[in-house]
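Reviewing the structure listed below.
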Amino acid sequence: MQNIQISSTLRSTRSLARQALTVITGVALMTLAAKTQVPFWPVPMTLHTLAVMGFAVALGPRMACAIFVAYLSAGAAGLPVFSGSPERGVGLAYMMGPTGGYLAGFLVASWLTGWFAQNGTLLRRVFAMLVGLVVVYAFGMSWLLAFLPAAKVLSVGVAPFILGDLLKIGVVAAASMLLPHVKATEKAAND
């Protein structure tokens, strides 16, 4: 009986350590995605959307949301994890700036996308990411209204990014076709 408790405790500790490592790695990758500028017209873009959608589809809603909460916490604490930091500010000051709505949208999208994509077909995963993208844009545009006239919000806050974001969704969708194989390999390794 005692061996079963010890074994269960060890598995639980390993699982917790693995989850913590996943979150830390996710925050590092999210930061790298935010700092990676891809030359695009009319404005350069980052790989934020790719990372958010990728984590949500691959890891599910809880882990994707945990990664993004940790990422936002690191940014709120003043670490230069955001795309424009430290050049355009750090911490809560940066988060309250024009891109704050997109950051909040990414948080909600990480949960919704992961939830809709769970155990889904490729079509369901694409649908989940499109829902997530609509959420990101809705939060982003709503927040931008505090900084821009309403007539400019769509042309500044969505139009320059839509093509790039759809391409990123395509990349994640293509990569997600490998998920069943990866999960089966991981399950076999853990058994």
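Overview of values
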| read-out | value |
| --- | --- |
| Test: residue in the stretch 176-190 that is under 16 Å from the mean Cα position of the chain (by Cα) and over 25 Å from ALA76 (Cα atoms) | yes |
| Verdict on GLY97 being more than 27 Å from VAL156 (Cβ to Cβ) and not basic (Lys, Arg) | no |
| Pairs with Cβ under 6 Å, 6+ apart, first in the stretch 108-129 and more than 11 Å from PHE68 (Cβ to Cβ) and in contact (Cβ under 8 Å) with a residue 60 or more places away in the chain, second among the polar types (S, T, N, Q) and surrounded by 24 or more Cβ atoms within 10 Å (Cβ to Cβ) | ALA128/THR113; MET129/THR113 |
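Any read-out appearing in this document is the output of simple, stated calculations on the displayed coordinates, not a laboratory observation. As the structure is a prediction and not an experimental result, all values here were calculated from the model. In this analysis, Cβ positions are derived from the backbone assuming ideal geometry, glycine residues included, and neighbour counts consider all displayed protein chains.
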